[in-house]
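Written out below as structure tokens is the structure these notes cover.
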Amino acid sequence: QVQLVESGGGLVQPGDSLRLSCAASGRTFSGYAMGWFRQAPGKDREFVAAITWSTGDTFYADGVKGRFTISRDSTKNTVYLQMNRVKPEDTAVYSCATKSGGPSSTSYAYPYWGQGTQVTVSS
């Protein structure tokens, strides 16, 4: 059974950095893609970034490109989201998800989800 557990969220100030982790277990993830999504209060869930587990190819939403970096450590079965120069509009619950095949920016393509971690950016 696939399990995803996020960690690393918290309260940070604008301009700060934060690294989220997503520990994956339950199967071999070669041939899978991992994605990060976020949902702010009153808003729809939105795509943040995705990575192809085997090749490391990365994809980003326009709003985070150049500030956020997604990476994976195959030895630890963990995916990271490095968030730099955070802004108040980055405040949301961040969730990781996984799917077989290539990455997707649409949340419904991902059948497996973590519980989410809260990121709050405020001065």
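Structure values in brief
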item	result
Solvent-accessible area, 1.4 Å probe, carbon plus sulfur percent, for the chain	45 percent
Potential extension, T28-D57 segment - 0.36 nm per residue separation minus Cα distance	8.7 nm
Set of aspartates and glutamates with alpha-carbon distance to K87 below 13 Å, sequence-local pairs under 8 removed	D16
Candidates P103, P14, P41, ranked by Gaussian network fluctuation over the chain, Cα under 10 Å, top entry	P41
Cβ-based charge dipole, the chain, positive-most Cα from V2, Q82, Q13	V2
GNM top mover of T58, T106, T91 - the chain, alpha-carbon springs below 10 Å	T106
Förster-model FRET efficiency, 30 Å R0, T75 and S122, C-beta, rounded to 0.05	0.30
Within the stretch 38-65, backbone nitrogen closer than 19 Å to the virtual label 7 Å beyond the Cα of N84 toward Cβ	48-51, 57-65
Extension gain (nm, one decimal) between Q3 and D16, 0.36 nm per residue minus Cα-Cα	1.7 nm
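The values are calculated or read from the model by the stated rules, or taken from the named source; none is laboratory data. Keep in mind that what you see is a predicted model, and the values were worked out from it rather than measured. Cβ sites come from the backbone with ideal geometry, for glycine too, and all protein chains shown count toward neighbours. Areas reflect the complete protein model, heavy atoms only, side chains present, ligands, DNA and RNA absent. Shrake-Rupley method; radii C 1.70, N 1.55, O 1.52, S 1.80 Å.
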